[in-house]
Structures are given as structure tokens and as C-alpha cells.
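Here's the structure, in C-alpha cells; my notes come after.
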Amino acid sequence: MSSTAISLRTVSGEALRAHLDDLARLRITVFREWPYLYEGDEAYERRYLARYAEAPGAAVVLAMDDGRVVGASTCLPLAEEDEEISAPFRQAGWDPDTVFYFGESVLLPEYRGRGIGVAFFAEREAWALRFPRILWSTFCAVERDAADPRRPEGYTPLDSFWGKRGYEKRPDLACTLAWREVDGTEEIPHRLTFWLKRLRETS
Ligand SMILES: CC(C)(COP(=O)(O)OP(=O)(O)OC[C@H]1O[C@@H](n2cnc3c(N)ncnc32)[C@H](O)[C@@H]1OP(=O)(O)O)[C@@H](O)C(=O)NCCC(=O)NCCS
């Protein structure tokens, strides 16, 4: 790890295209680990990440070390998200136009534990608050069996980290996303539960 300071940059629109390969590499590396166990699919990554350059209101916070992207955190208006993410909100009577969706935070392990994850939340919440109709921010997290033998010894769930950022787990709001797991042969459905934070009272 370099001793230089890590800088954060929030990037949106076409300027993001230059970083999409970095983002794909980071996602594939970090999400290969528990609890995601995602067997990276580069074709999917290209399609998935292009949306952040194209969707109105989308942005990515990049953590840079000496010009190298070492972490990233994504967000976009829920109304711009795929049906599988936005439908649970619509079905529960939410107005998707009031919700900002945080896609993921991925940080190389050697850069963890020095406040970058906290800054990712602060930057994305500040970005979401630029949109006057937004009242809430949300993200979803995969549900895993605590007794799953693949769970690494000593693994600390992020629940308390998210709680300290002001997010509340909402078991009444969940979605199902399919991906191929490491060493798996076919896609498996995974249940993810949403967490929510109220960003402002009224628009
Ligand atoms: C989630 C993730 C981005 C968090 O990143 P991180 O930079 O390690 O998180 P932070 O350092 O900001 O916060 C971790 C703790 O360190 C504390 N911390 C803050 N500044 C710190 C500093 N300068 N030095 C040490 N610790 C610090 C934070 O307060 C936090 O503790 P708290 O929750 O008790 O307040 C990172 O763990 C990761 O990439 N995980 C794998 C992917 C993943 O699961 N992503 C989430 C779902 S998409």
C-alpha cells in the first residue's frame, strides 16, 4: 500500500467511461469473496456498468491512489434501476422518484479500515441530495446462512457499519438477483434485503 493520501472523485456521465474497466476489475475481485462469492462475468460487467455512464443522475465515487482506482462506490436514482430492484418498492407503495439507490462499495482489502467506506456513504448521500425530490437512500445486501461452511472464520458482517451510517434493515423489502457463484456452473437466485435511510423530511 502506498503511503500517499487516497483521493476521492465523484464522476458522472461520459467521463465515467474511461473507468469502466477498472470498475469491472474491482467488482470481480472484491465480490469473489464472501458473502457474494460472485464468479465474475465480464460481458455482464460491461452491460451493468455502462448504465452508470448513461443513466441520468448516476454517479460513481472513485478512490484513487496515485492515479490507480483502488475502490469505487456507485449510485443512481431508483427509477433508473432495473425492474428487479425497483419493483419491490413499487409493490410496497413507495414512489421510486423519492429514492436513490446505492449499487455497491468495493475497496481493495489493503485500503480498508481507514474511513474510505464511511466517505463513500457521505459522498453518495451528498450527491443524492442534489436531487430535490429525493427523500431516501437505499442499498441491498445478500442474505447468507450464518452456518454456511463457506463463511470465513472471524468474518464480521457489515450490519453494524451500516447501522452507524444511519441505515435500517427492512426485511419487508427484498429482491432476488441471480449470479453464478465461484466454482459454480449455473446462475443461482440470491435474496437481498434492502436497507434504508431517510435523507430529508420533505422535498
Ligand atoms: C464495505 C467497505 C467498502 C467498507 O470500507 P472501509 O473503508 O473498510 O470502511 P471504513 O474504514 O470507512 O469504516 C470501517 C470502520 O472503520 C472506522 N474508521 C473510520 N475512519 C478510520 C480511520 N481513519 N482509521 C481506521 N478506522 C476508521 C469507521 O468508523 C468504521 O467503523 P464503524 O462502523 O465502527 O464506525 C469494504 O469493507 C469493502 O469493500 N468490503 C467488501 C465489499 C462489500 O461487502 N461491500 C458492501 C456491499 S456492496
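Values in this text are rule-based calculations from the coordinates and carry no lab data. In this text, all values refer to a predicted model and were calculated from it rather than measured experimentally. Heads up, the Cβs are rebuilt from the backbone with ideal geometry, glycines too, and the neighbour counts pull from every protein chain shown.
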Subject >> Scan of region 153-176 for residues that are closer than 26 Å to residue 121 by Cα and away from the ligand (no atom under 12 Å from the Cβ), ordered by number >> reply: 154, 168, 169, 170, 171, 172, 173, 174, 175, 176
**OP:** Assess whether residue 126 counts as being more than 10 Å from the ligand (Cβ to nearest atom) and within 23 Å of residue 20 (Cα to Cα).
**Re:** yes
Original post:
Can you find a residue in region 30-50 that is within 24 Å of residue 129 (Cβ to Cβ) and of a type outside the set (A, V, I, L, M)?
Top reply: no
Original post:
Can you name the residue in region 13-43 that is in contact (Cβ under 8 Å) with a residue 60 or more places away in the chain and more than 13 Å from the ligand (Cβ to nearest atom) and, of all such residues, is farthest from residue 141 (Cα to Cα)?
Top reply: 41
Original post:
For region 87-106, which residues satisfy the criterion of being touching a residue at least 60 places away in the same chain (Cβ under 8 Å) and out of contact with any helix residue (DSSP H, G or I) (no Cβ under 6 Å at 6 or more places or on another chain)?
Top reply: 87, 88, 92, 98, 104
Original post:
Which condition number does residue 102 fail, the rest of (1) part of a helix (DSSP H, G or I); (2) touching a strand residue (DSSP E or B) at 6+ places or on another chain (Cβ under 6 Å) being met?
Top reply: (1)
**OP:** Run down 74, 29 and say which single residue is part of a strand (DSSP E or B) and under 24 Å from residue 176 (Cα atoms).
**Re:** 74
